[in-house]
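S.K.: Next up is a structure, given as structure tokens.
Every number in this text was worked out from the coordinates using simple rules, so none of it is lab data. Not measured: the values here are computed from a predicted model. No Cβ is skipped: glycine too gets one built from the backbone with ideal geometry, and neighbour counts run over all protein chains shown.
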Amino acid sequence: MKNLEEKLNVSRETLSELKTYQELLTEWQQKFNLVSSASLSDAWNRHFLDSAQLVQFIPPSARTLIDFGSGAGFPALVLAVLTKNRTPYLKITLVESIRKKTLFLNEVCAKLNLQARIENKRIENLSRQKFDVITSRAMCSLEKLLEYAAPFCHRDTVCIFPKGCSFQEELSRAQLVFGFDCLVQPNQLSEDGKILIITNINKKGDTNA
């Protein structure tokens, strides 16, 4: 875990902001069920560092990022903290349908001066604009994620989807419905987990793809 923190190469200010975020999570968890209680005691590794490792897969040229099912802000708000000074031009949108969770997301943004946009909507109800990067963590199956993601993809969109030990099964099922390119990367905080970097999504049989 220490090695990953070193690899992040963040300033003391950024590390302090992430710690403030962690404190807010602990405080708000007492009022709302933002994350599983079992994961809260190890939130730094389970949520913050697990999210932070995804920053390396964001293309330097990316200008827009959308995160589906943001929950308590993982990974999107962690990425917002990490990129705030490195690539301030990256505009991040979080989509979360549960209002109490969006209240927490807005509180984190206010405390840390993050310019992320919070959408309290279902993905199906979003306007169909294109994004350079799409992220989602622990929301649904890969097949469903690709269904959600496809309308928001342009030719060069990169999807960054962390997955657990059943990733290969999810890949096989998704490949029955979608064509896509996938690079499987190791998850530095989970021996069983992987990070799927997916591009060129098209639905099989879709003549408009």
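S.K.: Hey, what number do you get for the chain at 222 nm if only DSSP H runs of n ≥ 4 count, each worth -39500 (n - 2.57), divided across all residues, to the nearest 500? Before the final figure, lay out the partial values.
M.R.: Values: 7 runs with 68 residues, N = 209.
Helix-only estimate at 222 nm: -9500 deg cm²/dmol.
S.K.: Could you go through the range 123-128 in sequence order and give the Karplus-derived ³J(HN,Hα) for each residue, using 6.51 cos²θ - 1.76 cosθ + 1.60 with θ = phi - 60°, rounded to whole Hz, and x for Gly and Pro?
M.R.: 4, 4, 9, 7, 5, 7
S.K.: Given CYS182, MET139, THR157, which one lies farthest toward the positive end of the charge dipole of the range 134-208, if we put +1 on the Cβ of every Lys and Arg and -1 on the Cβ of every Asp and Glu?
M.R.: Farthest along the dipole direction, towards plus: THR157.
S.K.: Right, another one. Quick one: if the Förster radius is 41 Å, what FRET efficiency do THR20 and ARG128 give, using the C-beta to C-beta distance and rounding to 0.05? All intermediate terms of the calculation are to be shown ahead of the outcome.
M.R.: On the way: r = 35 Å, r/R0 = 0.85.
Once the sixth-power term is evaluated, E becomes 0.70.
S.K.: Among the helices of the chain (complete DSSP H runs), which have Cα atoms covering no less than 18 Å along the helix axis and a Kyte-Doolittle mean of at least -0.5?
M.R.: Numbers: long enough: 12-29 (25 Å, -1.07); 99-112 (20 Å, -0.09).
Flagged H segments are 99-112.
S.K.: Counting Lys +1, Arg +1, Asp -1, Glu -1, what net charge surrounds LYS84 among other residues with beta carbon under 11 Å of its beta carbon?
M.R.: Working: positive: ARG86; negative: GLU13, GLU17.
In short, -1.
S.K.: So, counting K/R as plus one and D/E as minus one, what does the shell of residues with Cβ under 14 Å around GLU119 add up to? Before the final figure, lay out each step's value.
M.R.: Numbers: positive: LYS91, ARG99, LYS101, ARG117, LYS121, ARG122, ARG128; negative: ASP67, GLU96, GLU124.
Around GLU119, the charge tally is +4.
S.K.: Turning to a different aspect of this structure: Quick query: amide H of VAL158 versus all other amide H atoms, modeled in the peptide plane; which residues come in under 5 Å with a sequence gap of 5 or more or a different chain?
M.R.: Amide H to amide H, under 5 Å and 5 or more residues apart or across chains, VAL158 pairs with VAL133, ILE134.
S.K.: To continue, here is another question. Please state the charge dipole magnitude for the range 136-176, taken about the Cα centre, from unit charges on C-beta atoms (+1 on K and R, -1 on D and E), reported in debye and rounded to the nearest 20.
M.R.: It works out to roughly 80 debye.
S.K.: Using a/c under 1.5 as the rounded threshold, could you call the range 95-209 rounded, prolate or oblate? The axes a ≥ b ≥ c are square roots of the C-alpha gyration tensor eigenvalues, and prolate needs a/b larger than b/c, oblate otherwise. Could the numbers behind the result be given before it?
M.R.: Working: a/c = 2.04, a/b = 1.34, b/c = 1.52.
Here the range 95-209 falls in the oblate category.
S.K.: May I ask you to evaluate 6.51 cos²θ - 1.76 cosθ + 1.60, the Karplus curve with θ = phi - 60°, for each residue of the range 57-65 and list the ³J(HN,Hα) values in order in whole Hz, giving x for glycine and proline?
M.R.: In residue order, the calculated couplings are 9, 7, x, x, 7, 5, 10, 9, 9 Hz.
S.K.: Quote the relative contact order of the chain in percent (integer), defining contacts as alpha-carbon pairs under 8 Å separated by 6+ residues.
M.R.: Values: 333 pairs, mean separation 36.1, N = 209.
Relative contact order here is 17 percent.
S.K.: So, one more: By the scheme Lys and Arg +1, Asp and Glu -1, what is the net charge of all other residues having a beta-carbon under 15 Å from that of GLU169? Numbers along the way, then the final one.
M.R.: On the way: positive: LYS144, LYS163, ARG173, LYS194; negative: GLU143, GLU170, ASP192.
The answer is +1.
S.K.: At R0 = 25 Å, how high is the FRET efficiency between TRP44 and GLU191 if r is their beta carbon distance? Nearest 0.05 is fine. Spell out each step's value before the answer.
M.R.: Working: r = 18 Å, r/R0 = 0.73.
Using R0 = 25 Å, I get an efficiency of 0.85.
S.K.: Kindly identify the range 2-203 as rounded, prolate or oblate by the Cα gyration tensor criterion: order the square roots of the eigenvalues as a ≥ b ≥ c, call it rounded if a/c is under 1.5, otherwise compare a/b with b/c, prolate if a/b is larger, else oblate. Write out the running numbers ahead of the final one.
M.R.: Working: a/c = 1.43, a/b = 1.34, b/c = 1.07.
It comes out rounded by the Cα gyration axes.
S.K.: Right, here's the next one. Where both partners of a DSSP beta bridge lie in the chain, what percent of those bridges are antiparallel, to the nearest 5?
M.R.: Values: 13 of 29 bridges.
Antiparallel: roughly 45 percent of the beta bridges in the chain.
S.K.: Shifting gears a bit: Give LYS19/LYS130; LYS84/LYS111; LYS91/LYS121; LYS121/LYS144; LYS31/LYS84; LYS19/LYS101 a once-over and call out the pairs whose C-alpha atoms are over 22 Å from each other.
M.R.: Working: LYS19/LYS130 32 Å; LYS84/LYS111 14 Å; LYS91/LYS121 18 Å; LYS121/LYS144 17 Å; LYS31/LYS84 28 Å; LYS19/LYS101 19 Å.
Over 22 Å Cα-Cα: LYS19/LYS130; LYS31/LYS84.
S.K.: How big is the Kirkwood radius of the range 27-128, worked out from every pair of different alpha carbons and given in Å to one decimal?
M.R.: Values: mean 1/r = 0.0711 Å⁻¹.
About 14.1 Å for the range 27-128.
S.K.: Give, rounded to the nearest 20 debye, the magnitude of the charge dipole that the chain has about its Cα centre when Lys and Arg contribute +1 at Cβ and Asp and Glu contribute -1 at Cβ.
M.R.: For this selection, approximately 540 debye.
S.K.: Starting from the Cα of LYS111, step 7 Å along the direction of its Cβ; do the same at CYS165; then give the gap between the two resulting points in nm.
M.R.: 3.4 nm
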